[in-house]
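Take a look at the structure below.
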Amino acid sequence: MIHKVKKFSQKMRHGLKQEYQETKDIPKHIKNKEYKKAAEQLGDISKMTFLSALWVLPGGGVVSATLVKIFKNIRPSAFREEESN
């Protein structure tokens, strides 16, 4: 069980670090006229905000977990697992 918690914590730390770096790069993308990359990152920020806001509500953890299971693209890009189909 402790191994699973450590693995989960490492995945979260890596994902948050990646999202932070991508968010810092938004002004650089706009300056270089890479609007699509900037828009994708803003979309990721809004997805993180939405999922985080659900956790505040009673039963929000269950709701957000269900949404993530149903809608695979609701997770920010740094937290998506590569599908091996």
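Worth a mention:
- With Rh defined as the Kirkwood radius, the inverse of the mean 1/r over Cα pairs, the Rg/Rh of the chain is 1.02.
- DSSP H segments from the chain that extend 27 Å or more along their own axis, Cα-based, with Kyte-Doolittle mean of -1.0 or above: 35-56
- With each label modelled as a point 7 angstrom along the Cα→C-beta vector, the Trp55-Met12 pair spans 0.6 nm.
- Given Lys17/Lys37; Lys6/Lys36; Lys7/Lys69; Lys24/Lys72; Lys47/Lys69, the pairs whose alpha carbons are separated by over 23 Å: Lys6/Lys36; Lys24/Lys72
- Calculated mean residue ellipticity, 222 nm, the chain: -24000 deg cm²/dmol, from DSSP H runs (n ≥ 4) at -39500 (n - 2.57) each, averaged per residue and rounded to 500.
- Protection proxy ranking, peptides 73-80, 23-30, 54-61, average beta carbon neighbours within 10 Å, highest first: 73-80, 23-30, 54-61
- Accessible surface calculations at 1.4 Å, restricted to protein heavy atoms, place the chain at 83 Å² per residue.
The values are calculated or read from the model by the stated rules, or taken from the named source; none is laboratory data. These numbers were taken from a predicted model, which means no experiment stands behind them. Every residue, glycine as well, gets a Cβ built from its backbone with ideal geometry; the counts of neighbours run over all protein chains shown. Just so you know, the surface numbers come from the protein's heavy atoms only, side chains and all, with ligands and any DNA or RNA stripped out. Shrake-Rupley method; radii C 1.70, N 1.55, O 1.52, S 1.80 Å.
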